[in-house]
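The values are calculated or read from the model by the stated rules, or taken from the named source; none is laboratory data. All figures in this text were calculated on a predicted structure; none of them were measured in a lab. Cβ placement follows ideal geometry from the backbone for every residue including glycine, while neighbour counts extend to all protein chains displayed.
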Amino acid sequence: MRNILFTFALILLPLSLVAQEGNREFPKYTSTYVNDFADFLPADTRSRITEKMYDLRTEHGIEMTVATFSSRHDYGDHGSLERFATGLFNQWGVGNADRNDGILLLVLHKDREMRIELGAGYGREYDWAAQQVIDDFILPSFRKDEYAVGIEAGVNATIREIALVKAAGGEPAKEGMDLVAWAISAGFFVFMVLLMFRRTIGDMIASLYACPNCSGRGLRRTRQVIKAATETLPGKGILTTKCNFCDFRDDSDYTISPTKSHNSSSSSFGGGSSSGGGASGRW
């Protein structure tokens, strides 16, 4: 009799798990880039990371999204973080349906846990890269309650260490990798960073130039928008260069490219899925 009851319990266990999955109420997304349900991302941070993820999608076809919640238990979840992240990823359909290369950065504030969930198209070697991003770039800020800082650093690192590597058809850096392969990967990353942050790097380089008036090295650049760009028309701004040591000043006009629409071709995800790959962190 005991054996019969044990066998019956084994049969019912998968059914109970399915019922639990069915009872889970995943929230609907309002954006394919940032869904800040926990409401702790300032507008400027939200804007910057949205721009980064938009560029990733338009230039490389890879969908990445950030989702923050107070607690997964608010949505009827009583299972693991990993199951919640995979279920949310698959219900939203993050990533291209053919390549399954989507990325979800999930943060659960009150639960003090987070996860980078990867699409099924990523190999297990990317799990290690995701764990490194969490440990090195996200959790240090989270442990100081600097969530916006950690999320932005995590988005930048995930794009650099995972998404761009995937787009280039490479493999993420790992311990013991071949020196030549490391050099090639490092060179590619440097090129992409220079491309993405060329304006900031240009301003840093300008600070090394000698002032034409006093020859001191300490020029600094600031930008002021005179006319904002629209989706169809360019805008106009003034680039001001000043010296830290004298009254030298130079003003020059610059053109602002038409803004990118984040609501047209990217208003929905591409139907991708995850098989549970990625990494988790707790603080």
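Restricting segment 259-283 to residues that are hydroxyl-bearing (Ser, Thr, Tyr) and either modelled with pLDDT under 90 or in the same structural domain as Ile138 (by TED's automatic domain parsing) (or both), the residue that is nearest to the chain's Cα centre (by Cα) is Ser266. Selection over segment 237-258 of residues that are within 30 Å of the chain's Cα centre (by Cα) and modelled with pLDDT of 85 or more gives a count of 1. A count restricted to segment 125-166 and to residues that are farther than 18 Å from Phe37 by Cβ, of a type in the set (D, E, K, R) and assigned to a helix (DSSP H, G or I) stands at 7.
Does segment 20-43 hold any residues that are at pLDDT below 90, buried (at least 16 other Cβ atoms within 10 Å of the Cβ) and not charged (D, E, K, R), and which are they?
Filtering segment 20-43 for residues at pLDDT below 90 gives 20-27, 40.
Then keep just the ones that are buried (at least 16 other Cβ atoms within 10 Å of the Cβ); that gives 24, 26.
The answer is Phe26, and nothing else.
Consider Ala229 carefully, then state whether it is touching a strand residue (DSSP E or B) at 6+ places or on another chain (Cβ under 8 Å) and modelled with pLDDT under 70. Considered against the rule, which asks whether it is touching a strand residue (DSSP E or B) at 6+ places or on another chain (Cβ under 8 Å) and modelled with pLDDT under 70, Ala229 comes out as yes.
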